[in-house]
Amino acid sequence: MKVEEAIKKRRSVRKYLDKKVEKEKILKILEAGRLAPSAMNKQPWDFIIVQDQKTREKIAKDTFFARFLDQAPLVIVGVGDPQLKYYKIDVSIALQNMVLQATELGLGSCWIGDFREEKVKKLLNIPKKKKIVCLISVGYQRLERTKKEEVLRKISRKLVPRNKKPLKEIIHWEKY
Ligand SMILES: Cc1cc2nc3c(=O)[nH]c(=O)nc-3n(C[C@H](O)[C@H](O)[C@H](O)COP(=O)(O)O)c2cc1C
């Protein structure tokens, strides 16, 4: 798959089949993150691969936009070192590399910013001095929707529009 195709194909996927992601695919996804650029090549990141059902249920609990994590076969938690100025950018680039690699492998994914940081840090033994930047869910997309999911979809479509702004609205040649 060309990069352009992966970029265009990727959409946030929140419904997954009850099917594990193969280990080789997980490793390819992680490798795509490992190769990401980072400021001064510090690579200030750790990634936690969460597949355990109970752990995912605990992460999903008490959230609004991440409730579907109990149904996602795989969650990758992006951890950064806040002592480094660009840690959030560095970890984010690595996570987006993973998202694009997942797309090429026929997997759906979704960025998750709705998490209880202290709770998740405790749950996953993340050292106090580290920060969670974001999570991504990964899995095979499920196309059918239950009635409850249909209702939730309508609510979230109202809260979060799906359209992308046209280029002419966001670019400025030479000056703002
Ligand atoms: C930093 C970040 C945090 C996000 N957090 C959530 C989240 O907690 N739950 C969720 O369902 N989607 C989350 N999203 C996905 C966005 O809602 C989604 O990217 C946006 O609506 C555009 O849709 P698309 O990804 O299909 O292009 C997040 C995306 C980003 C980049």
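Here are some notes:
- Net length gained if the chain between GLU150 and GLU4 were fully extended (0.36 nm per residue, minus Cα distance): 49.5 nm
- Ranked by the mean number of other Cβ atoms within 10 Å of their residues, highest first, the peptides 39-45, 154-160 fall in the order 39-45, 154-160.
- Near LEU84: Cβ cut-off under 14 Å, other residues only, Lys/Arg at +1 and Asp/Glu at -1. The net charge is +3.
- Hits among lysines - C-alpha to C-alpha of LYS148 under 23 Å, sequence gap 8 or more where chains match: LYS15, LYS19, LYS54, LYS58, LYS61, LYS158
- The order of the peptides 47-59, 84-96 by mean Cβ neighbours within 10 Å, most packed first, is 84-96, 47-59.
- Fully extending the segment from ASN41 to THR63, taken as 0.36 nm per residue of separation minus the present Cα-Cα distance, adds 4.5 nm.
- Using a cutoff of 8 angstrom between alpha carbon atoms and counting only pairs six or more residues apart, the relative contact order for the chain works out to 30 percent.
- Ordering of 16-22, 146-152, 101-107 by packing is 101-107, 16-22, 146-152, highest average first (other Cβ atoms within 10 Å, averaged per residue).
- Extending 7 Å from Cα along the Cβ direction at LYS85 and again at LYS122 yields two label points whose distance is 3.5 nm.
- Convex hull of Cα atoms in the chain, direction-averaged projection (nm²): 12.2 nm²
Quick note: the coordinates plus some simple rules give every number you see, no bench work behind them. Keep in mind the model is a prediction, meaning the values are calculated, not measured. Virtual Cβ from ideal backbone geometry, glycine too; neighbours counted across all protein chains shown.
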